[in-house]
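So the structure is just underneath, and the comments pick up after that.
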Amino acid sequence: MDEIQIKSPFIRLDQALKLSSVVSSGAEAKIRIQEGDVWVNEAPCTQRGKKLVVGDRIRFEDWEGIVVEERR
């Protein structure tokens, strides 16, 4: 499982996918999220602006990630 490190209180779902390089663009993230291809905390999520916080888990195809606090 990949770690998505954040230093702010949250990251939007589409930004997390781009940051993790599992999509090539924001447009692709938007489409894949709206089509229901992305799961957050074991439930499908179609909100591209969903705010993810530390501990949230994302699944997209064979990729899985978890939001963690940035290490210093």
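Count the net charge of all other residues whose Cβ sits under 14 Å from the Cβ of E61, scoring Lys and Arg as +1 and Asp and Glu as -1. Net local charge, E61 excluded: -4.
Relative to the current alpha-carbon distance between R72 and L19, full extension at 0.36 nm per residue lengthens the span by 17.3 nm. When W39, W63 are compared by accessible surface with a 1.4 Å probe, the order from highest to lowest is W39, W63.
Whenever you get a sec, line up S21, S8 from highest to lowest accessible area (probe 1.4 Å, protein heavy atoms).
Greatest to least solvent exposure: S21, S8.
The Kirkwood radius of the chain, taken over pairs of alpha-carbon atoms, gives through the Stokes-Einstein law at 10 °C and 1.306 mPa s a diffusion coefficient of 134 µm² s⁻¹.
Using the average count of surrounding beta-carbon atoms within 10 Å as a protection proxy, the listed peptides 12-19, 53-60 rank, highest first, as 12-19, 53-60.
Tell me, which longest segment in the chain has none of the GluC sites (Glu not before Pro) that fall in DSSP loops with at most 12 further Cβ atoms within 10 Å?
Segment 1-34 is the longest.
Dipole orientation for the chain: of the candidates V54, F10, V40, F10 has the Cα lying most toward the positive pole (charges on Cβ; Lys, Arg +1; Asp, Glu -1).
Net charge dipole, the chain: roughly 400 debye, given to the nearest 20, about the Cα centre with Cβ charges of +1 for Lys and Arg and -1 for Asp and Glu.
The values are calculated or read from the model by the stated rules, or taken from the named source; none is laboratory data. Keep in mind that what you see is a predicted model, and the values were worked out from it rather than measured. Note: ideal-geometry Cβ built from the backbone for every residue, glycine included; neighbour counts use all protein chains shown. The protein model used for the area step is the full one, side chains on, heavy atoms only, and it has no ligands, DNA or RNA in it. Shrake-Rupley method; radii C 1.70, N 1.55, O 1.52, S 1.80 Å.
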